[in-house]
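The values are calculated or read from the model by the stated rules, or taken from the named source; none is laboratory data. Keep in mind the model is a prediction, meaning the values are calculated, not measured. A quick note on method: Cβ atoms are made from the backbone with ideal geometry, for glycine too, and the neighbour counts reach across all protein chains shown. Please note that ligands, DNA and RNA were not included when accessible areas were found on the heavy atoms of the full protein model with its side chains. Shrake-Rupley method; radii C 1.70, N 1.55, O 1.52, S 1.80 Å.
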Amino acid sequence: MFGKTPERNFYNDFTLGDSLKLKWETDTKGSYKNTSLIFLDEIMFASDLAGRVYAFNIESGKGAGEEKNKGAVSIAPVLYNSIIVYVVEEFKEKYSTIYFYDYYTGDYINEHIINGSCGNELIKTDDAILLISENGILYNYNLSGNERWKLDTQSKVRCVPALTGDTFIFGSVTGEITAVSLSRQKVIYKNKISDRIQSGITIENGRGYVGDDAGYLYCFDIADGEVIWSFDTGAKIVSIPVMNDEDLFVGNLSGDLFSLDKKNGEMNWLNETGGIINTTPLLFSDYLVQPDLFKKIHFVDIENGEIDRQIETDGRMKLSPVYFNGVIYFGMDKGEILAYELLGGDK
Amino acid sequence: MRKKVLKYFLLILFITASQTPAQFYFFGRNKVQYEKFNWKVIKTDHFNIYYYDDFGEIAEIGASYAEEIFDELKIKFNHVVTRKIPLVFYNTHIHFQQTNITPGFIPEGVGGFFEFLKGRVVIPYLGNIEQFRHVIRHELVHVFMTSKIYNVLRDHRVQTGRLPPLWFTEGLAEYWSYEWDTQAEMIMRDAILNDNFATLQQMIRIRGSYLMYKEGQIFLEYVSEVYGEDKILELLENFWRFPKFTENLEYTLGESIEDIDNKWVYSLKQRYYPLYEDKHPHFINTKKLTDHGYNFSPQYCKVDTNEFIYFIGNHDGYSSVYRLPYQADSKEMPDPEIVVRGEKEKLFEAFHIMKPSITTTDSGYVAFITKYGGSDALHLFSIEKNEVINSFQFDQLIGMSGPSFSNDAAKIVFSGNDKKGFSDIFILTIATGELKRITNDYYDDKNPIFGKDDDEIIFASDRTEKPFERKYNLFKHDLETFEINYLTFTDANISTPQFNPDYSELYFNCDYDGTNNIWKLEYDEENKPSGMTQYTHYLTSVFNFTFTDQTTIVTSGFEKFSFQFYNLDLETIPDSVKKYTAFDFDLMENYWTAPKIEIDPQLDKVEYEKEYTLDYAVSQVSTDPIYGARGGALFLLSDLLSDDKYLFLLYNNAEVQSEILDNFNVAISKLNTAGRTNFAYGVFHFSGRRYDLRESDEFFFERSYGGYFSAIYPLSIFQRIETSISLANSDKQFFAVENDEQTTDFIARKALLLSNTVSFVHDNSLWGPTGPLDGSRFRALLAYTSDIKFSNVNYYSFILDYRHYFRLSLRSTLAARLSLYVNDGKEARRYFGGGSWDIRGWRRWSIRGQKLWVSSLELRFPLIDQFYIRFPFFGLGFTSIRGALFFDAGSAWDKQYRQTYGSIGGGIRINFLNAITFRYDVGKKIENNFQEFQPKLFYQFFFGWDF
């Protein structure tokens, strides 16, 4: 799933090293939103805004199959066993559809109509698939694709949610942090901390972190949604902050990259890249790998914030990069996917 | 009103030289390039800024704004434009009108444009830095929006080339570029309170108007307030999902379009209806002096015992200087008369109607400003002689506005725009023509007047210090000490200061309460300015005003989307409604300065070099009964400023494989429009089977190759000289019928044709929906074509075509035409007539001859203003359906005049989307050498503009 875990974790606890080599390039027919690729065994799964879900061989980059739908698949699918779950925002319709597709048999095992758009990433647990629509309806499906229950949270949601234990947490366009108990199927709290949140939440050790439209990054207590600290980055944040054991890293639409002390929100460094940061980066123990919509990939030294090297690309960087089996995968507009092999580091 | 521009005539005519009958030529006004600009480029991170000559300082300020705005917009749109955006700056609107980036005419009210083909943004500087910033921002919103929409559609693999409706596009550009201002408020108040408002579902009714811009802007403000600012970006990001924008609106805002509309309109009524409590329309407590047309800048003038209001107005499509008899006590409303007719001759080429541009003096003179050639001119008109007695133009000035006489009428002070783009104060001494500059900086100084003793100038300027920086306040410039001091200091915009006749009081326009009203300057015990008192409380703006006596003024007020004059006695305004606002000069901090871009002059400022890119490319396969089947391609390349163009035409009309090589057609042309003389030259090779209308029953194969050169020199916007020369080798093969033997023979004709033409064209016509309504058009052409090698061809051509339009009323005219076409000599081509475009009722192009004459008289009038049919699922509407009654006569012959053809009848014309006019005529032919009417009626349907 997007961010590997329900808490949304983008950290790889090893060094990236100095050397990358382009392994292969491939492309899909449509472009992407700021989502990511999903991997299972030797297969990479991608979804695009032209309504297709693809499977690629990760060694060669060659296509292994695709499913076409009329609409857009703007969020990352989730995988379990041989089932791929994805959501299609239907063309010319005011609803979306969630599909459960068995890619071994080529059959759809289930599908459900969802009113409105679904641009918020899915969460997979051991026994459930969770989806919150933009209308604020939280859906719980079992792994057979049957709807167990749904809950109207009375919110408008354009935020990547996160899950810790039994608590499902998201931000709303009215600036509230809402927590839902999955077992009790009810809203535990709604705490207004901002005017508008349209980014994503990451959770660690009982704390949640989220950025808002005004450019504030908040650290809040998962238990009650109360703000522990906040930091003003100066411009709208739409990506999810990433963190290691001590520090937290976030970028905003003005192209500014920040490193903050996770405990108290004090700034370690700032890098004004001049670009536009709307994609969640990938963090290693030595580098922050940050795609820039302005056709670049920055490799930022996490100690001092300096850009150690850059890759200039042909297209606007869209996907949140993913590390899998020694390779980092990037995605650009026009549907292009780049696979860079790590030659150094201590992976 | 339509105006035609003869831009690509050269290219079109000579690319298809041998295939296009020379009969189909053009009139049209001229876009004159009076200057040849010395272009330079400033390269910034995200822009290439094109400017010229002395405009560097303002260009650097504009560059700084552009980068600042780029950083803001990338956040608003969550998107970035990755290519370097070309920004083209002109130092004045007059120069802006000369741009080749758009081939069409640019009206006075256009403040800039974004050209979609090459993504160019073109902006004139109008003397005001804040307004410059607004326009840069406005156009960059277009750039970002267009790029965002294109990427959204492409990313979703939905057909690109679609854009949101114009009201949304312009509304967004206004909403994200500027705060709601006085002008916007005035427009919306008038629209809501006078029922001129269009709902979202009625926006087509006001398409393209300034009201549409403002309604779009205020709707997006409403969306932000009620639904959330994020919804605006969401509308763009959802654009792929629904083909209709209303469906997108409904989906994104979560309500039906009817509900959105109703709630929005209700919110506007809630906002504006309460204004009636303490504000009123212009007609309250005043006498209305005009009731039609557009009337600006009233200036009172008393000569002997006669009192007049002189003004700039537009009552018939041409802006002119008018005079209205001033009869304050009379209940009659006399019609104004034209004093100086504008926009028909080059001396008074155009009026800047929205700016103050006229002044009078009681010694019997009127001074007014018009565009004349490449810059503005200040004209002095003698009331006694009833003529313009002097005109002033200055090398260093391009634009002028706001003239005002000194008390002794020996001088005129005005605001002038120089080549740096600065808007400063100048004084002209009339007798000597000497020009003195009073201010010299980038602050916008305007509306100057002389003080009581002619030793000081009072003017409005945006040099106001912080905290009210960039607001227009009044300043006083001492002509002896050169000191500039504040008269007002307030957080509002002040303009058009006017003293009362004895100079005891100073009044002015101020938008302190949201719209322009009349205020008076107040002084303290030490005779220093202390504050201002509001006198009028109109709902919508006063634009200008003039005193007719100590306490009476004539105002130009905006109401019901028109500008009319009102007579107001200031003494009738009760003290209870006068509001006093004090100035606090202690708040002053320091003068504001405009930021400039930081660049390396060596690397980032370069001379302009032409780089050619593709404007368009088209390929197609077509077939027609005259030229047969053909397939080919057309490419047009031009440089960034579109001063230089290259056209490549390639096609083949072979019908079998073996003919391919023989039927290749290629033409390469270059067209240059950078300077005043536009010229084109090129080479061509045309080959293939032809059926030539200009012959009879002749079907032949011709191979023609050669070159040409042509030039157009505009004498003014209304007149030009055209000339061309071409040399072409022509090999013709055809079957000629031997009538007496009833046999055919194969004939080959070779010729080396040298053709020369020279023409004079005049066009000052004013267009209505389907054709000209006023003015005249004229073309005289002389040409000579000769076979200089084989003497097989040798003829001269003469064309005289005169059309005059006698205006009968605002929308009616009597149109008259007299045309004579002559080709005489060896192998002279034929002309052809007949059909809806000339001698109606007769079969199209059936009247042929080497000599042709056509005469027409046509009465054109409005028939149906609006016609709308509502079907269950859609509606169909037409506006401005016009009628015509006509009489045509003409003939064509080779050697011997045969007969005269004619017709009479009536018809209707419908303009469809301003792209084409459909014509339907019914009548009777006059047959048998003009002796009898045809027994029945003819019915003829075709397309085309009125002659």
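Compare the peptides B:330-343, B:188-201, B:357-370 by average per-residue count of other Cβ atoms within 10 angstrom and give them in order, highest first.
Result, highest mean Cβ count within 10 Å first: B:357-370, B:188-201, B:330-343.
Between B:Arg162 and B:Gln866, what FRET efficiency follows from the Cβ-Cβ distance if R0 is 35 Å, with the result rounded to 0.05?
0.75
Please sort by residue number the trypsin sites (Lys or Arg not before Pro) in the range A:3-79 whose DSSP state is loop and whose Cβ has at most 13 other Cβ atoms within 10 Å.
A:Lys62, A:Lys70
Would you be so kind as to identify which of B:Ser846, B:Pro497, B:Ser765 lies farthest towards the positive end of the dipole of chain B, taking Lys and Arg as +1 and Asp and Glu as -1 on Cβ and the Cα centre as origin?
About the Cα centre, the residue reaching furthest to the positive side is B:Ser846.
Please report the relative contact order for the range B:830-947, taking Cα pairs under 8 Å with a sequence separation of at least 6, and give it as a percent rounded to a whole number.
Relative CO of the range B:830-947 lands at 23 percent.
Give me a single rounded figure for A:70-76: the average over its residues of other chain Cβ atoms within 10 Å of their Cβ.
Neighbouring Cβ atoms belonging to other protein chains average 2 per residue here.
Distance in nm between label sites at A:Asp261 and A:Arg184, each 7 Å beyond Cα in the beta-carbon direction?
If labels sit at A:Asp261 and A:Arg184, their model points lie 3.6 nm apart.
Go ahead and estimate [θ] at 222 nm for chain B from helices alone: -39,500 (n - 2.57) per DSSP H run with n ≥ 4, summed, over the residue count, rounded to 500.
Mean residue ellipticity at 222 nm (helix-derived): -4500 deg cm²/dmol.
Taking θ = phi - 60°, what integer Hz values does the Karplus form 6.51 cos²θ - 1.76 cosθ + 1.60 yield along the range B:420-429, in sequence order, with x for Gly and Pro?
Each residue of the range B:420-429 in turn: 7, x, 5, 10, 10, 9, 9, 10, 9, 8 Hz.
List the trypsin sites (Lys or Arg not before Pro) in the range B:222-256 that DSSP assigns to loop (not H, G, I, E or B) and whose Cβ has at most 12 other Cβ atoms within 10 Å. Which are they?
Details: sites: B:Lys231, B:Arg241, B:Lys244; in loops: B:Arg241, B:Lys244.
Passing sites in the range B:222-256 are B:Lys244.
Considering only the protein assembly as shown, what is the antiparallel percent among its DSSP beta bridges, to the nearest 5?
Counting only bridges with both partners in the protein assembly as shown, antiparallel ones make up about 95 percent.
Can you pull the accessible area of B:Leu289 for me, 1.4 Å probe, Å² to the nearest 10?
Solvent-accessible area, nearest 10 Å²: 10 Å².
What chymotrypsin sites (Phe, Trp or Tyr not before Pro) does the range B:470-511 have in DSSP loop regions with at most 12 other beta carbons within 10 Å?
Passing both the DSSP loop test and the Cβ count: B:Phe482, B:Tyr503.
Tell me whether the protein assembly as shown comes out rounded, prolate or oblate; compute the Cα gyration tensor, take square roots of the eigenvalues as a ≥ b ≥ c, and use a/c under 1.5 as the rounded threshold. Don't jump to the answer; show the numbers that get you there.
Numbers: a/c = 2.00, a/b = 1.25, b/c = 1.61.
Oblate shape, in that a/c is at least 1.5 and b/c is the bigger or equal ratio.
Residue by residue through the range B:229-235, what is 3J(HN,Hα) from phi via Karplus (6.51 cos²θ - 1.76 cosθ + 1.60, θ = phi - 60°)? Round to whole Hz and write x for glycine and proline.
4, 5, 5, 5, 5, 4, 4
Suppose every K and R has +1 on its Cβ and every D and E has -1 on its Cβ; what is the size of the dipole of the range B:833-947 about the Cα centre, in Debye to the nearest 20?
240
Taking the Cα centre of chain B as origin, work out the dipole magnitude from +1 charges on Lys and Arg Cβ and -1 charges on Asp and Glu Cβ, in debye rounded to 20.
4920
Of the options B:Ser541, A:Gln310, B:Pro164, report the single residue whose Cα projects farthest towards the positive end of the charge dipole of the protein assembly as shown (beta-carbon charges: Lys, Arg +1; Asp, Glu -1).
The Cα lying farthest towards the positive end belongs to B:Pro164.
Classify chain A as rounded, prolate or oblate, taking a ≥ b ≥ c as the square roots of the eigenvalues of its Cα gyration tensor: rounded when a/c is under 1.5, otherwise prolate if a/b is larger than b/c and oblate if not.
Because a/c hits 1.5 or more and a/b fails to exceed b/c, chain A counts as oblate.
Mind ranking A:Val88, B:Val577 by accessible surface for me, highest first, 1.4 Å probe?
B:Val577, A:Val88
Can you spot the lysines whose alpha carbon is less than 24 Å from B:Lys446's alpha carbon? Ignore those fewer than 8 places along the same chain.
B:Lys355, B:Lys371, B:Lys411, B:Lys419, B:Lys420, B:Lys436, B:Lys466, B:Lys471, B:Lys476, B:Lys520, B:Lys528, B:Lys596
What ³J(HN,Hα) values, in whole Hz, does the Karplus curve 6.51 cos²θ - 1.76 cosθ + 1.60 give for the range A:95-108 when θ = phi - 60°, with x put for Gly and Pro?
Karplus-based 3J(HN,Hα) across the range A:95-108 equals 9, 10, 9, 9, 10, 10, 10, 8, 7, 7, 8, x, 10, 8 Hz.
Tell me the carbon and sulfur percent of the accessible area for the protein assembly as shown, rounded to whole percent, probe radius 1.4 Å. Don't skip to the end; give the middle numbers.
On the way: 26000 of 52180 Å².
So the carbon and sulfur contribution to the accessible surface is 50 percent.
Quick check on my link table: of B:Lys302/B:Lys331; A:Lys21/A:Lys262; A:Lys94/B:Lys118, which ones sit more than 24 Å apart, alpha carbon to alpha carbon?
Listed pairs above 24 Å: A:Lys21/A:Lys262; A:Lys94/B:Lys118.
Top to bottom by accessible area (1.4 Å), largest first, where do A:Ile114, B:Ile660 land?
Sorted descending by solvent-accessible area, the residues read B:Ile660, A:Ile114.
Using +1 at the C-beta of Lys and Arg and -1 at the C-beta of Asp and Glu, which of B:Pro103, B:Leu487, B:Ser391 has the Cα lying farthest in the positive direction of the dipole of the protein assembly as shown?
B:Pro103
Given contacts defined as C-alpha pairs under 8 Å and at least six residues apart, what's the relative contact order of the range B:375-521, whole-number percent?
Once divided by the residue count of the range B:375-521, the mean separation gives 12 percent.
For a test of the definition: using alpha carbon positions, the gyration tensor, and the 1.5 limit on a/c, classify the range B:164-277 as rounded, prolate or oblate.
Here the range B:164-277 falls in the prolate category.
Treat every Asp and Glu Cβ in the range B:136-184 as -1 and every Lys and Arg Cβ as +1, leave all other atoms uncharged, and give the resulting dipole magnitude about the Cα centre to the nearest 20 debye.
420
In whole percent, what relative contact order does the range A:238-347 give with Cα contacts below 8 Å and a gap of six or more residues?
Result for the range A:238-347 is 16 percent.
Can you sort B:Val303, B:Val141 by 1.4 Å-probe accessible area, starting with the largest?
If we order B:Val303, B:Val141 from most to least accessible, we get B:Val303, B:Val141.
Taking beta carbons within 10 Å but only from partner chains, what does the mean come to for residues B:239-245?
3
Long-range amide H contacts for B:Phe563: which residues qualify at under 5 Å (H placed 1.01 Å from N, peptide plane, sequence gap of 5 or more or a different chain)?
Amide H neighbours of B:Phe563, under 5 Å, 5+ apart: B:Asn295.
So what's the net charge close to A:Lys23: Lys and Arg +1, Asp and Glu -1, counting the other residues with Cβ under 11 Å from its Cβ?
Net charge around A:Lys23: -2.
How much net charge surrounds B:Ile484 when only other residues with a Cβ under 11 Å from its Cβ are counted (Lys, Arg +1; Asp, Glu -1)?
Numbers: positive: B:Arg463, B:Lys476; negative: B:Asp441, B:Asp445, B:Glu456, B:Asp478, B:Glu483.
Summing Lys and Arg as +1 and Asp and Glu as -1 gives -3.
Could you work out the local net charge near B:Asn590, counting Lys and Arg as +1, Asp and Glu as -1, over the other residues with Cβ closer than 12 Å to its Cβ? Walk me through the numbers before you get to the answer.
Working: positive: B:Arg463, B:Lys466; negative: B:Glu465, B:Glu469, B:Glu589.
Cβ neighbours under 12 Å give a net charge of -1.
Figure the gain on full extension for B:Glu179 and B:Thr533 (residue separation times 0.36 nm, minus the Cα-Cα span) and round it to one decimal in nm.
Here the answer is 124.8 nm.
In peptide B:68-80, how many Cβ atoms from other protein chains are near each Cβ within 10 Å, on average?
The shielding value for this peptide is 4.
For chain B, compute Rh as the Kirkwood radius over C-alpha pairs and then the Stokes-Einstein diffusion coefficient at 20 °C and 1.002 mPa s; write the answer in µm²/s, rounded to an integer. If you can, show how the numbers build up before the last one.
Working: Rh = 31.5 Å.
Rounded, D is 68 µm²/s.
Can you spot the aspartates and glutamates whose alpha carbon is less than 16 Å from A:Lys334's alpha carbon? Ignore those fewer than 8 places along the same chain.
A:Glu25, A:Asp27, A:Asp48, A:Asp292, A:Glu312, A:Asp314, B:Asp155
For the range A:116-182 and the range B:45-112, compute the distance between their C-alpha centroids and round to whole Å.
46
Would you mind calculating the gained length between B:Lys436 and B:Leu808 on full extension (0.36 nm times residue separation, minus the Cα-Cα distance), in nm to one decimal?
Stretched out fully, the B:Lys436 to B:Leu808 stretch lengthens by 129.3 nm.
Could you work out how far helix B:56-77 tilts from the main Cα principal axis of chain B, as a 0 to 90 degree angle to the nearest 10?
Approximately 90 degrees, to the nearest ten.
With r as the distance between the Cβ atoms of B:Tyr34 and B:Ala410 and R0 = 30 Å, compute the FRET efficiency 1/(1 + (r/R0)^6) and round to 0.05.
So the FRET efficiency works out to roughly 0.45.
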